[in-house]
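Written out below as structure tokens is the structure these notes cover.
The values are calculated or read from the model by the stated rules, or taken from the named source; none is laboratory data. Computed from a predicted model, the values in this text were never measured in an experiment. With ideal geometry, Cβ positions are generated from the backbone for all residues, glycine too; neighbour counts draw on all protein chains shown. We work out accessible area using only protein heavy atoms, side chains counted, and drop any ligands, DNA or RNA first. Shrake-Rupley method; radii C 1.70, N 1.55, O 1.52, S 1.80 Å.
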Amino acid sequence: MKENTHLFLKLDWPTVGLYLLLVAIGWISVYAAAYNEEHSTIFDFSQRYGKQFVWILSALLIAAFILLLDSKFYSVFGYAIYGVVLFLLLLVLVAGTEINGSRSWFILGPVRLQPAELAKAATAIALARMMSVHGFVLARRANLCRIALVILLPAGLIILQHDAGSAVVFGAFLLMLYREGLSGWFINIVLFAIVAFVLSIVWEPVSVLMLCATISVVIYMLYRRKIKRALILTASLFGVYFSIVKWLFPTFAIDVAPDRVFILLSAIALVWGAATAIRYKRRYVWYILCFFIGSAALVYSVDYVFDHLLKPHQRDRIENLLGVKVDLRGAGYNVHQSKVAIGSGGFAGKGFLQGTQTKYNFVPEQSTDFIFCTIGEEWGLLGASAVIIAYLLLLFRLILISERQKDAFARIYGYGVIAILFFHVVINIGMTIGLAPVIGIPLPFISYGGSSLWAFTVLLFILLKLDMARWR
Amino acid sequence: MNEYSRKSIVIFGTFVLVALILFARLFWLQVVDDSYKTTSNTNVLRYDVQYPARGLIIDRHGERMVENQTTYDMMVVPRELKAFDTLAFCAIFKLDPDPFKLVINDIYRRRRQIGYQPTTILKQAPAEYYAVFQEKAFKFPGFYAQARTLRNYTRPIAGNLFGYVTEVDTGTIRRNPYYKPGDYIGKSGVEEAYEDYLRGYKGVTIFVRDVHNRIKEAYKDGRFDAAAVAGKNLICTIDSRLQEYGEWLMKNKVGAIVAIEPSTGEVLALISAPGIDPTLLVGINKNFQQMQSDPLKPLFNRAIMSPYPPGSTFKLANALIGLDEKVITPASRYSCAMGFRIGPGKMLGCHSHASPIDLLQSIQMSCNAYYCNVFRTIIDNPAYGNVEQGFLKWREYVQSLGFGQKTGIDLPSERAGTLPSVSQYNRIHGEGRWKSLSIISLAIGQGEIGSTPLQMANFAATIANRGYYYTPHVVREVEGLEPPDDYKERHYTMIDTTCFPTLVEGMYRAVHGEPGSGATARIAQIPDLELCGKTGTAQNPHGEDHSSFICFAPREKPQIALAVYIENAGFGATWAAPIASLMVEKYLTGHVLRTELEQRIQAGSPTKTHKAP
């Protein structure tokens, strides 16, 4: 008995409070989104809100169970858990049921289980297990490869289930790796690659290349601490380019694609750059040259990736998001209706149960992936911001928790949780307001569904259990 | 601070930044940008429209001319569609089963996509069919009928005058937000001119609906619902019996008749031949296209659109101008030897009659040479200095008589006719290089002048009134509204009213002159009635002369003024005068005693085929 009171004192109650708050917001929102006058009580188990209540209760049971389990369990059985989940991911490919085009569900009576949800926690545990070994050096190439393998294996299996959205979530682990010592440059380069990819869809390739060239020159000059020269060099690069394309070609009626001119100019610059690199033994010049060549390769491979590797519906979603194509009845329908719902909420919202766009099904998936619409429509900017602030507070709290761990395993796992939650929240809310592509991932703790609620509960409470053990 | 805690701050800073971006976007969507609020309403509100009954059109004696008939648009709610007996359905509505099955199968296949949005599958089914359907409606789940009113005509006449009612086109929908696709609108004629009164106002019930168009509740407890307001009835000035009689007389002829009550400006009959049978334009059919491609252009309302050369009837205008300008008197005499010499070897011909003659005789006999002389004295009047000034004065007079400008009748697409201008003659002859002789055709209503039959009838009414006219109109009253003040206002011409009695006497003599006196319109005589008239025979470059006649009766307190114009029918006295005379007899006595004349005129087809252009 004394042991137990002790236990509950050590539990991080602010986090639990935020968790309960978000879960409650979720339950109320599911009620509003799926509201049906004939079944008006929130405990009606024939409706989603009644079922969500059951999922919440069972999630709390799971949380309690996790808190009672020994904290060593996760580091000891880390690989075993990971292995079991990998097995489930394989099994679901064979024995799973297909829902909405992805074969990623087990159906056990009234319960639907999605192993992909568990895979996030399992991967976080496996990574923590691997990286917390004494003397582990992240920068070592073999270690980086092992980390990549641990992340990509479940992600790959999930892609095979045609659930690309859940697979993309695994990219979030980069955030944790950054905290654990990965160079900020690496993150920046990844971010830049995403930006360049997006820009290549919207702009002409040559414009993106120009941007890359400008960045390369600026970085070079920043290294040499000669900003004035950087500006002059960039300006003259563009000057030469535009005078050739806009004046020389039209005047002498030369018909050459502008790309070619730019590539020729860049090649000259590259040769000159390589020459200085050799002569003055400047290693960073090689990096910059690699960066430029890499981005050029990326820019010119975008079309291929876009046309061949992505599925048509993924292409449509991205194009709609970027405004390249507007199709409000087809691929753009979800996001448009979602924006209408949120936009019509105004500053203070239409009031509880007064939302019309979500209640009458104009927004598809309004109680799962697009649950944020109900909040935005009925509670307005005030309610939507409150939810964002709640998530921000939760993430802040989790950073505090992770940073106070003496045990590397707990800290690394903690950052894994932070990364996954952050990614889910940003992408989910982003997609409802037209800032992120629709990749169909739930809003943690709020979206309807037992599988995702349980998975996020497990993810969070394992961290809380590890945190409780920090005084041991 | 070590590197790791620095990184945790960077991470949290990133989170805050991203949260701010999300907040900014939400602020934009929810507070700044209003467009989403509107879309949310169009999404969720369903407007169920009640269509009002269109106003009726009633003739001057209270007889209904245009009524409504109810038809039914058959609608189906795809989501509620179940297997049913298509053959039975087709039997009720007399449909061809095969194409019907194709349509139904297509709707059935897409029923989930379309949901509860009703789809029209059959338009304007007659009430008899609907009655049968109603008895068996339980056999056809998902089907229901929406009542729509179509026009019904008590007599198959006056299609051009009334116009027709049809589905509104996209251009109108864009210009006028009242109209929605599928609404009906009046096109041409009275239906178009009085559309705003006839149509009434649609009623609406607003519901909140879900994405499948399923009704959820009344919007704001029906606060914004509105009942349909029926259209207003129109009381016409038309005498439906006279109109029908005129159309009957005009069978197989091309031309127009316009009859006006001079004391009010009310149009008694407005006939364009060949006309259109308005019953053929009710509902959806191919008749409209057929009419459009008819070479005789039945959709072209000749009575108010066609600029015909007025011919000799226009001599009356020149006589009036001459008298008012005091360049002639009733006693002025001119000689005529089979015409008027325009130049070396060029004659404007005339028929044989006594010579010289005075004004009254010139009207009675319709002498061309007399009016060439009158016209020259007007144009070459030394008071105006030169030909151009003289012409301008003449033109002003002609305009005041209602020519060359719209009369302002309450019908759309009235045309002004043509009246030449100085610049037009400058273009033809060169500036300062034309004189009265160059434009002498105007003396006898030929050449560059073109007048609509309505203008001619209005001119007849002006003479009947001895100097003024009322704006001609076809609708006396929109039920419940005051008629416009303009209808009560006398429009005086520039001609002094003392000039008119001479003209009236001349027109009386043209009809009632002794045999052998050279009176041109003796055929128009009606027993026991004093009819005043003037024939016209207008040459035209396309073929046989046009036959025209203007008249009014009785001589004192005239009750009807009339213009009749028959294309390519030869002398005015041969066709136009008898038709006008029969119309007058019909209107004033209620019956026609001269059955022999009536028979001959009605059965005849004077219009010669047009010369190939």
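Considering segment A:432-458 alone, what residues qualify as being within 11 Å of chain B (Cβ to nearest Cβ) and part of a helix (DSSP H, G or I)? The answer is A:Thr432, and nothing else. The single residue among A:Phe186, A:Phe173 that is in a helix (DSSP H, G or I), open to solvent by 30 Å² or more (accessible area, probe 1.4 Å) and within 14 Å of chain B (Cβ to nearest Cβ) turns out to be A:Phe186. Apart from one condition, B:Ile260 fits all of (1) more than 17 Å from B:Glu191 (Cα to Cα); (2) open to solvent by 30 Å² or more (accessible area, probe 1.4 Å); (3) assigned to a strand (DSSP E or B); the exception is (2). Touching a Ser or Thr at 6+ places or on another chain (Cβ under 9 Å) and open to solvent by 60 Å² or more (accessible area, probe 1.4 Å): does that describe A:Leu211? Yes: the conditions hold for A:Leu211. Quick check: anything in segment A:387-405 aromatic (Phe, Trp, Tyr), buried (at least 24 other Cβ atoms within 10 Å of the Cβ), out of contact with any Cys (no Cβ under 9 Å at 6 or more places or on another chain) and within 9 Å of chain B (Cβ to nearest Cβ)? Yes, because at least one residue in segment A:387-405 is aromatic (Phe, Trp, Tyr), buried (at least 24 other Cβ atoms within 10 Å of the Cβ), out of contact with any Cys (no Cβ under 9 Å at 6 or more places or on another chain) and within 9 Å of chain B (Cβ to nearest Cβ).
Pairing residues of segment B:480-493 that are at pLDDT 80 or above with residues that are surrounded by 13 or more Cβ atoms within 10 Å (Cβ to Cβ) and assigned to a helix (DSSP H, G or I), at Cβ distances under 6 Å and at least 6 apart in sequence or on separate chains, gives B:Thr493/B:Ser400.
Does B:Leu20 fit the bill of being open to solvent by 30 Å² or more (accessible area, probe 1.4 Å) and closer than 30 Å to A:Ile429 by Cβ? For B:Leu20, the condition - open to solvent by 30 Å² or more (accessible area, probe 1.4 Å) and closer than 30 Å to A:Ile429 by Cβ - is met. What do you reckon, is A:Phe65 outside any helix (DSSP H, G or I) and among the aromatic types (Phe, Trp, Tyr)? The answer is no for A:Phe65.
From the list A:Ala419, A:Ala410, the one residue that fits, being within 12 Å of chain B (Cβ to nearest Cβ) and either under 25 Å from B:Ile11 (Cα atoms) or under 18 Å from the mean Cα position of the chain (by Cα) (or both), is A:Ala419.
For B:Ala88, the conditions (1) assigned to a loop (DSSP other than H, G, I, E, B); (2) among the small types (Gly, Ala, Ser); (3) open to solvent by less than 50 Å² (accessible area, probe 1.4 Å) all hold with the exception of (1).
Of all residues in segment B:509-521, those that are in contact (Cβ under 8 Å) with a residue 40 or more places away in the chain, within 18 Å of B:Leu316 (Cα to Cα) and open to solvent by 10 Å² or more (accessible area, probe 1.4 Å) total 4.
Residue-wise test of (1) farther than 27 Å from A:Phe423 by Cβ; (2) in the same structural domain as A:Gly294 (by TED's automatic domain parsing); (3) modelled with pLDDT under 80.
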position	(1), (2), (3)
A:Leu177	no, no, no
A:Leu191	no, yes, no
A:Ala196	no, yes, no
A:Ala213	yes, yes, no
A:Ser216	yes, yes, no
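Annotation: of all residues in segment A:352-367 being open to solvent by less than 20 Å² (accessible area, probe 1.4 Å) and in contact (Cβ under 8 Å) with a residue 12 or more places away in the chain, the one that is farthest from the other protein chains (Cβ to nearest Cβ) is A:Ser367.
Examine segment A:161-170 for a residue that is crowded, with 19+ Cβ neighbours inside 10 Å, touching a Leu at 6+ places or on another chain (Cβ under 7 Å) and either of a type in the set (A, V, I, L, M) or in a loop (DSSP other than H, G, I, E, B) (or both), and state whether such a residue exists. Taking every residue of segment A:161-170 in turn, at least one turns out to be crowded, with 19+ Cβ neighbours inside 10 Å, touching a Leu at 6+ places or on another chain (Cβ under 7 Å) and either of a type in the set (A, V, I, L, M) or in a loop (DSSP other than H, G, I, E, B) (or both).
The set of residues in segment B:23-40 that are within 8 Å of another protein chain (Cβ to nearest Cβ) and either at pLDDT 85 or above or open to solvent by 70 Å² or more (accessible area, probe 1.4 Å) (or both) comprises B:Phe23, B:Arg25, B:Leu26, B:Phe27, B:Leu29, B:Gln30, B:Val31. Hey, does segment B:44-55 have a residue that's in contact (Cβ under 8 Å) with a residue 24 or more places away in the chain and within 7 Å of chain A (Cβ to nearest Cβ)? Yes, segment B:44-55 has at least one match. The listed residues are A:Ala139, A:Ala124, A:Ala128, A:Ala155, and the only one of them that is assigned to a helix (DSSP H, G or I) and without any contact (Cβ under 8 Å) to a residue 60 or more places away in the chain turns out to be A:Ala155.
Taking residues in segment B:6-18 that are at the interface with another protein chain (Cβ under 9 Å from one of its Cβ atoms), and partners anywhere that are hydrophobic (A, V, I, L, M, F, W, C) and open to solvent by less than 60 Å² (accessible area, probe 1.4 Å), the pairs with Cβ atoms closer than 6 Å and at least 6 places apart or on different chains are B:Ser8/A:Ile399; B:Phe12/A:Ile399; B:Phe15/A:Leu395; B:Val18/A:Val426. Only residues that are over 22 Å from B:Gln113 (Cβ atoms) and either within 23 Å of the chain's Cα centre (by Cα) or more than 10 Å from every other protein chain (Cβ to nearest Cβ) (or both): list them for segment A:370-382, please. Selection gives A:Ile371, A:Phe372, A:Cys373, A:Thr374, A:Ile375, A:Gly376, A:Glu378, A:Trp379.
Would you point out the residue of segment A:333-351, among those that are within 9 Å of another protein chain (Cβ to nearest Cβ) and either at positive phi or aromatic (Phe, Trp, Tyr) (or both), that is surrounded by the fewest Cβ atoms within 10 Å (Cβ to Cβ)? In this case the residue turns out to be A:Phe347. Are any residues in segment A:430-444 touching a helix residue (DSSP H, G or I) at 6+ places or on another chain (Cβ under 6 Å), buried (at least 24 other Cβ atoms within 10 Å of the Cβ) and more than 20 Å from A:Thr457 (Cβ to Cβ), and if so, which ones? Answer for segment A:430-444, where residues must be touching a helix residue (DSSP H, G or I) at 6+ places or on another chain (Cβ under 6 Å), buried (at least 24 other Cβ atoms within 10 Å of the Cβ) and more than 20 Å from A:Thr457 (Cβ to Cβ): A:Thr432, A:Val438. Out of segment B:338-348, which residues are open to solvent by 40 Å² or more (accessible area, probe 1.4 Å) and either in contact with a helix residue (DSSP H, G or I) (Cβ under 8 Å, 6 or more places away or on another chain) or charged (D, E, K, R) (or both)? Of everything in segment B:338-348, those that are open to solvent by 40 Å² or more (accessible area, probe 1.4 Å) and either in contact with a helix residue (DSSP H, G or I) (Cβ under 8 Å, 6 or more places away or on another chain) or charged (D, E, K, R) (or both) turn out to be B:Arg341, B:Ile342, B:Lys346.
Within segment A:91-124, the set of residues being among the acidic types (Asp, Glu) and in contact with a Ser or Thr (Cβ under 6 Å, 6 or more places away or on another chain) comprises just one member, A:Glu117.
Among the residues of segment B:445-469, just one is touching a Ser or Thr at 6+ places or on another chain (Cβ under 6 Å) and among the aromatic types (Phe, Trp, Tyr), namely B:Tyr469.
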